[in-house]
Amino acid sequence: QVQLVESGGGLVQAGGSLRLSCAASGIIFSINAMGWYRQAPGKQRELVATITSGGSTNYADSVKGRFTISRDNAKNTVYLQMNSLKPEDTAVYYCKSDLRSLVFWGQGTQVTVSS
């Protein structure tokens, strides 16, 4: 049974920081590409950041220079460090695993940034 469990969301003031974690089980974590996506109310889910099994990263233009994705294969966990948060970063953040198009999603964690 595959599980992706996000944690670390919450309420933060603009300019603040949060660190999201996604703990994976039921997959061979080290060979999966991992990603963070977000969905704001009334909007489509969008890519935030991805990291390949080899550690290559990719970011949405809106978060470049502010967010950092990383992974710890020993802990089967992917992280999203979010700095300089803005009200427009408010969304539910989802973790995704991807292995040759075999995709799993977590249940999401709410991030709310107040102005």
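Structure summary
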quantity: Some residue of segment 26-36 being under 19 Å from Leu102 (Cα atoms), touching a Lys or Arg at 6+ places or on another chain (Cβ under 7 Å) and touching a residue at least 12 places away in the same chain (Cβ under 8 Å); calculated: yes
quantity: Gln44 over 14 Å from Phe104 (Cα atoms), in contact with a Lys or Arg (Cβ under 8 Å, 6 or more places away or on another chain) and polar (S, T, N, Q); calculated: no
quantity: Single residue of Val2, Val63 found to be buried (at least 17 other Cβ atoms within 10 Å of the Cβ) and either of a type in the set (A, V, I, L, M) or under 12 Å from the mean Cα position of the chain (by Cα) (or both); calculated: Val63
quantity: Matching residues in segment 5-31 - criterion: being open to solvent by less than 40 Å² (accessible area, probe 1.4 Å) and modelled with pLDDT under 95; calculated: Ile27, Phe29
quantity: Condition check for Leu47: touching a residue at least 12 places away in the same chain (Cβ under 8 Å), crowded, with 20+ Cβ neighbours inside 10 Å, among the hydrophobic types (A, V, I, L, M, F, W, C) and not in a loop (DSSP other than H, G, I, E, B); calculated: no
quantity: Out of Asn32, Asn58, Asn83, sole residue that is within 19 Å of Val5 (Cα to Cα) and not aromatic (Phe, Trp, Tyr); calculated: Asn32
quantity: Selection within segment 71-115 - of a type in the set (Gly, Ala, Ser), open to solvent by 10 Å² or more (accessible area, probe 1.4 Å) and touching a residue at least 40 places away in the same chain (Cβ under 8 Å); calculated: Ser84, Gly106, Gly108, Ser114, Ser115
quantity: Tabulated pairs, segment 55-70, first on the phi < 0 side of the Ramachandran plot, second part of a loop (DSSP other than H, G, I, E, B) and of a type in the set (Gly, Ala, Ser), C-beta under 7 angstrom, 6+ apart or interchain; calculated: Arg66/Ser84
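The values are calculated or read from the model by the stated rules, or taken from the named source; none is laboratory data. Computed from a predicted model, the values in this text were never measured in an experiment. Because the Cβ atoms are built from the backbone with ideal geometry, glycine has one as well, and the counts that use them run over all protein chains shown. Surface accessibility is based on the protein's heavy atoms, side chains included, excluding ligands, DNA and RNA. Shrake-Rupley method; radii C 1.70, N 1.55, O 1.52, S 1.80 Å.
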